[in-house]
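Worksheet for the structure shown next.
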2 protein chains.
Amino acid sequence: MQSFTALSTAFENYFNRRQFPESPANLYDAAQYILQVGGKRVRPVCVLMGNELFSELEPDAYKVAAAIELFHNFSLIHDDIMDKAPLRRGMDTVHIRFGDSTALLAGDVMLVQAYEQINQINQSYLSKIISLFNQTARQVCEGQQLDMDFEKKDAVTFEAYLEMITLKTSVLLAASLQMGAILGGAGLGNQQHLYEFGKNLGIAFQVQDDYLDAFGDPKKFGKQVGGDILSNKKTFLLIHALEASSPEQKATLETLMQGNDPDKVNKVLQIYADCGVEHWAASLKEKYFHQAMHHLEETAVISKRKAELEKLAQYLLQRES
Amino acid sequence: MQSFTALSTAFENYFNRRQFPESPANLYDAAQYILQVGGKRVRPVCVLMGNELFSELEPDAYKVAAAIELFHNFSLIHDDIMDKAPLRRGMDTVHIRFGDSTALLAGDVMLVQAYEQINQINQSYLSKIISLFNQTARQVCEGQQLDMDFEKKDAVTFEAYLEMITLKTSVLLAASLQMGAILGGAGLGNQQHLYEFGKNLGIAFQVQDDYLDAFGDPKKFGKQVGGDILSNKKTFLLIHALEASSPEQKATLETLMQGNDPDKVNKVLQIYADCGVEHWAASLKEKYFHQAMHHLEETAVISKRKAELEKLAQYLLQRES
């Protein structure tokens with residue numbers, strides 16, 4: 001299998017052209033804008049990797065990879081409208097640049113364009129791919145709704161948060177890998193192992209994301225440490241702290257969340273330390289990483305074909321081994 | 001062919017069940033809400049009629065009809081957000097009842113659900129139906145964007161307005177009929193005639209809608225006559241009046257549009273009368289009606305099979321003959 005870098009370049013070569021007509025420019029320029037902002041293209045490369053695990057890289061894999069990237073950007077545009085987010089990847093969000101209405105429509109045409117890419121593949125796989133795509137699209141929408149519901153709730157259980165994160169972020173990674181596998185002619189068992197690999201990897205990645213926001217090295221992390229704490233964002237860490245803390249710690253935590261204490265970040269981090277949150281989060285990430293690797297091991301192809309997927313998992317989770 | 005009423009009942013029997021899962025309720029109750037508000041179901045019945053014109057009514061036609069109705073409701077939900085519309089079919093719009101974010105997401109899952117209905121049909125037609133569906137979905141989005149663009153423009157030409165209306169409203173009627181024809185095994189020529197029948201019928205219907213808003217009998221019209229005039233809505237009538245009026249009439253019209261004259265409706269109607277707008281609009285509607293009927297005549301099936309489509313056209317355009 002080719003490396004992530006090689007497949008990422010190959011995908012960019014396929015994808016780096018205008019995906020939309022010229023007119024009406026007000027609509028399609030907005031849609032094109034977010035695609036040019038870029039991103040790591042992890043999900044589409046996962047389609048290619050899932051495919052190359054089982055066969056020569058199929059031309060159809062690029063089409064499905066493009067569909068996945070279009071879907072991902074559709075969901076970013078609409079999520080950013082809902083979250084009133086001003087920035088994405090360091091640039092204006094689509095609705096800030098083009099207005100809410102055009103952003104909404106640009107998301108809509110991007111979703112349609114995703115199905116158009118899928119509709120170009122070999123008909124023998126069409127229905128299977130659409131079925132998994134639809135299931136995943138529904139789940140991503142459900143995850144976003146749960147996320148919004150949770151914002152309004154005082155208490156969210158670990159299990160509920162895990163379900164939300166799985167739907168909102170992990171199933172798309174999982175489905176990307178499985179779609180590649182389907183196009184590669186993989187059997188259902190192998191497809192499912194690869195799906196579970198992606199799903200668990202996605203969860204581990206989210207745990208790490210939450211962890212780094214609190215405990216990361218500010219020089220390496222690339223954004224403000226403690227940002228989640230300042231904005232009272234529900235994270236794996238906060239939810240565990242609220243569940244694991246003593247009544248006194250919990251009361252302090254809730255007071256800190258409601259107030260504007262200038263030393264809020266450090267005080268919350270102290271409670272996290274007292275509750276053993278750092279160690280717990282590190283263990284949780286390891287748990288999902290190991291579950292992911294277990295499913296990759298169980299995938300019935302020879303080991304050396306899996307090396308690049310292992311490397312990708314290590315890279316995403318910033319692990320030395 | 002069965003009557004509109006019979007096919008409408010048959011469609012309701014197929015469609016009148018929950019289209020979405022129970023949970024998360026905040027998302028799916030919003031999606032289900034607009035479907036229960038109802039509507040005339042003209043587009044899905046057109047799928048069934050297009051199908052029955054060429055074959056026995058196929059079970060797949062109900063699935064495509066459901067997809068069309070889901071797509072139509074998706075576009076209504078998103079359009080209502082963009083237009084900040086408070087009411088739809090006499091009820092709260094989805095975003096008024098459930099909030100903008102949930103309405104946006106409910107539209108998204110409805111579009112996905114449309115593709116899921118399509119994905120249940122016989123695979124031999126799947127790619128063709130999706131291709132036409134995608135083209136139509138893009139066009140409807142383009143029409144909505146053009147409509148928003150036009151709101152901000154002082155002058156819109158007749159041709160530009162016609163293109164916008166065609167995209168925003170007529171192509172979906174046209175595609176509904178063609179999809180039914182595809183499932184009925186119609187040849188490309190017949191498909192295209194049926195598409196043009198629907199497209200021209202849709203335009204004639206929109207001309208009539210604009211006409212009735214200005215010249216309709218308030219007792220029969222069911223909404224305030226002159227509403228379009230009061231809100232300065234660009235309509236076939238206003239665009240023609242601006243193009244056909246003398247410089248003085250045009251200046252008066254523009255002054256009336258900018259001001260709050262309590263007799264605005266009557267004064268604008270007087271200019272419409274002076275410019276011959278009423279007669280022009282009636283002729284325009286006739287022109288598109290006749291173009292529609294011409295394409296129905298050219299469709300190569302025996303005449304008596306077409307009777308119910310003729311009746312539907314007469315009914316939609318409120319014509320005695």
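What follows draws every value from the coordinates through simple rules; no lab data is involved. Everything numeric here is computed off the predicted structure, so don't read it as measured data. Neighbour counts are summed over all protein chains in view; Cβ atoms, including those assigned to glycine, are modelled from backbone coordinates with ideal geometry.
Here the 3J(HN,Hα) profile of segment A:124-132, calculated from phi with Karplus coefficients 6.51, -1.76 and 1.60 at θ = phi - 60°, is 5, 9, 4, 5, 4, 5, 4, 4, 5 Hz, Gly and Pro shown as x. Positive end of the charge dipole of the protein assembly as shown (Lys, Arg +1 and Asp, Glu -1 on Cβ, about the Cα centre): tell me which of B:164, B:291, B:214 has its Cα farthest that way. Toward the positive end, the furthest listed residue is B:291. The Cα center of segment A:282-302 and the Cα center of segment A:78-125 differ in position by 32 Å. Here segment A:1-124 is assigned +1 on the Cβ of each Lys and Arg and -1 on the Cβ of each Asp and Glu. Its dipole about the Cα centre then comes out at about 280 debye. Once the Cβ-Cβ distance of residue A:159 and residue A:231 is raised to the sixth power relative to R0 = 30 Å, the FRET efficiency obtained is 0.80. Its alpha carbons give segment B:30-70 an Rg and a Dmax of 11.4, 37 Å.
Note on residue A:124 and residue B:6: the model spin-label points, each 7 Å out from Cα along the C-beta direction, lie 4.3 nm apart. Short-range pairs are left out: with C-alpha atoms under 8 Å and at least six residues apart, the relative contact order of segment B:26-80 is 35 percent. Couplings 3J(HN,Hα) for segment A:258-272, derived from phi with the Karplus relation 6.51 cos²θ - 1.76 cosθ + 1.60 (θ = phi - 60°), are 7, x, 10, 3, x, 9, 3, 4, 5, 5, 5, 4, 5, 5, 4 Hz, where x marks Gly and Pro.
So which GluC sites (Glu not before Pro) in segment A:170-279 are both in a DSSP loop and have at most 16 other Cβ atoms within 10 Å of their Cβ? Mind showing how you got there, number by number?
Values: sites: A:196, A:243, A:248, A:254, A:278; in loops: none.
Loop-located and lightly packed - none at all.
In terms of its alpha-carbon gyration tensor, chain B comes out oblate; a/c meets the 1.5 threshold, while b/c is at least as large as a/b. Each label point was placed 7 Å from the Cα along the Cα-to-Cβ direction; for residue A:219 and residue A:315 their separation is 2.4 nm.
I'm a student and want to see the number: the projected area of the Cα convex hull of segment B:99-140, averaged over all directions, in nm². Show your work: numbers first, answer last.
Working: hull surface 12.7 nm².
Dividing the Cα hull surface by four gives the mean projection, 3.2 nm².
The angle between the Cα long axis of helix A:42-52 and the main principal axis of chain A comes to about 50°, on a 0 to 90 degree scale.
Rounded to the nearest 0.05, what FRET efficiency do residue B:40 and residue A:260 have when you use their Cβ-Cβ distance and R0 = 56 Å?
Details: r = 55 Å, r/R0 = 0.98.
Efficiency, from the Cβ-Cβ distance: 0.55.
Which trypsin sites (Lys or Arg not before Pro) in segment B:220-259 sit in a loop by DSSP (not H, G, I, E or B) and have at most 12 other Cβ atoms within 10 Å of their own Cβ?
Numbers: sites: B:220, B:223, B:233, B:234, B:250; in loops: B:223, B:233, B:234.
In loop regions of segment B:220-259 (DSSP not H, G, I, E or B), the sparsely surrounded trypsin sites (Lys or Arg not before Pro) are B:223.
Here's how it looks for residue A:88: its modeled amide H is under 5 Å from those of A:93, which are all 5 or more places away or on a different chain. Scanning residues 5 or more positions from residue B:226 or on other chains, those with amide H under 5 Å from its amide H are B:214, with H placed 1.01 Å from N in the peptide plane. When the Gaussian network model of chain B links Cα atoms closer than 10 Å, the mean-square fluctuations of B:145, B:113, B:224 top out at B:224.
If you sort the three axes of the alpha carbon gyration tensor as a ≥ b ≥ c, you get a/c of 1.5 or more for segment A:187-321 and a/b above b/c, which makes it prolate.
So for segment A:187-321, if I pair up every lysine 8 or more residues apart or on another chain, how many of those pairs have alpha-carbons under 14 Å apart? Walk me through the intermediate numbers first.
Values: A:199/A:285; A:199/A:287; A:233/A:264; A:250/A:267.
Going through segment A:187-321 pair by pair, I get 4.
One Cα centroid belongs to segment A:1-19, the other to segment A:222-270; the line between them spans 41 Å. Within the listed set B:279, B:294, B:193, the residue fluctuating most in the Gaussian network model of chain B (springs between alpha-carbon atoms under 10 angstrom) is B:279. Relative to the longest principal axis of the Cα atoms of chain B, the long axis of helix B:25-37 lies at roughly 70 degrees. Helix-only arithmetic for chain A: the sum of -39500 (n - 2.57) across DSSP H runs with n ≥ 4, divided by the residue total, places the mean residue ellipticity at 222 nm at -23500 deg cm²/dmol. Taking θ as phi - 60° and the Karplus parameters 6.51, -1.76 and 1.60, the scalar couplings of segment A:283-296 work out to 5, 5, 4, 4, 4, 6, 4, 5, 4, 4, 5, 4, 5, 5 Hz in sequence order, x denoting glycine and proline. Within the listed set A:19, A:117, A:258, the Gaussian network model of chain A (springs between alpha-carbon atoms below 10 Å) gives the highest mean-square fluctuation for A:258.
Considering every alpha-carbon pair of the protein assembly as shown, the percent of pairs per 20 Å bin, from zero through the bin containing the longest distance, is 17, 46, 28, 9, 0. A label point on residue B:99, set 7 Å along the Cα-to-Cβ line, lies at 2.6 nm from each of its counterparts in the other copies, closest listed first.
Which loop-located GluC sites (Glu not before Pro) does segment A:1-52 contain, where loop means any DSSP state but H, G, I, E or B and the Cβ has at most 12 other Cβ atoms within 10 Å?
Numbers: sites: A:12, A:22, A:52; in loops: A:22.
Within segment A:1-52, the qualifying GluC sites (Glu not before Pro) (loop, at most 12 other Cβ atoms within 10 Å) are A:22.
In peptide B:135-148, how many Cβ atoms from other protein chains are near each Cβ within 10 Å, on average?
The shielding value for this peptide is 5.
Assign one of three labels to segment A:2-103, namely rounded, prolate or oblate, based on the Cα gyration tensor with a ≥ b ≥ c the square roots of its eigenvalues; rounded applies when a/c is under 1.5, prolate when it is not and a/b is larger than b/c, and oblate otherwise. Mind dumping the intermediate values first?
Details: a/c = 2.61, a/b = 1.95, b/c = 1.34.
Judged from the Cα gyration tensor, segment A:2-103 comes out prolate (a/c at least 1.5, a/b above b/c).
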